[in-house]
Amino acid sequence: MRTFNWVVWFVCTIIFIFLGALLLVFSAHLKGWINIEFFFMYLKNQPDLWLISGFTGILMVIITFSVSKIMLGRFQRERTIAFNNPEGTVTISLSAIEDLIKKVARQISEVKDLRCDVKANKKGSIQITARLTLWSEANIPEVTENIQGLIKNKVQDMLGLEEVVTCSVHISKIVHREDFKKKKTDSKHEINEESFHGAIEYGVQERKKAK
């Protein structure tokens with residue numbers, strides 16, 4: 001299967017290089033830099049040109065479908081974890097694990113927000129990358145160690161896996177809780193003021209209509 005993938009990739013590369021070169025030559029012909037009318041006349045006089053063109057078109061369609069199928073299958077394998085039970089195969093979506101990790105992060109008060117990316121490699125290990133937004137009062141070494149252990153243990157316990165689970169943490173933002181509350185309060189005041197002004201204008205229009 002791997003040899004077939006390499007062959008398909010090689011053929012696709014050759015075809016796209018050929019099409020790109022052909023378009024460059026055709027654009028140069030339209031610009032007047034070169035003249036390839038003799039080439040078109042030569043192709044026109046070839047009796048088997050329709051057969052070659054049809055075969056090439058069919059080959060390109062088959063290759064395109066093959067590449068799409070390979071890429072789709074690879075993407076699906078990368079986004080799921082599979083293991084065998086006595087009753088059959090079980091697959092788990094990596095997005096479900098990401099949702100679980102987000103819920104786990106809510107248990108830590110110093111974490112304001114968490115975004116994560118889960119990957120499973122061919123060896124069976126799971127790699128988790130967590131991007132955190134922390135409150136300013138958080139002790140970064142303590143919080144990161146706590147969340148790494150919590151995520152790792154929760155994922156291993158839920159999946160029942162003995163494979164290696166690694167968790168990398170990246171702190172993308174540190175937010176002051178007071179500033180966040182102030183912005184939230186200011187936005188509420190702005191909404192209330194807009195609603196109040198709207199009510200006044202509506203009342204004025206109603207009185208004008210009544211007059």
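Every number here is computed from the coordinates shown, using simple stated rules; none is lab data. Just so we're clear, the structure is a prediction, and the values are computed from it rather than from any experiment. Backbone-built Cβ (ideal geometry, glycine too); neighbour counts: all protein chains shown.
A few notes on this one:
- When the charge dipole of the stretch 88-175 is built from unit charges on Cβ atoms (+1 for Lys and Arg, -1 for Asp and Glu) and taken about the Cα centre, the candidate among 132, 165, 96 whose Cα reaches farthest toward its positive end is 96.
- Longest to shortest principal axis, alpha-carbon extents of the stretch 101-163, angstrom: 39, 20, 18
- Given 69/123; 44/69; 123/154; 112/154, the pairs whose alpha carbons are separated by over 30 Å: 44/69
- Segment residue 45-residue 68, extension gain: residue separation times 0.36 nm, minus the distance between their alpha carbons: 4.7 nm
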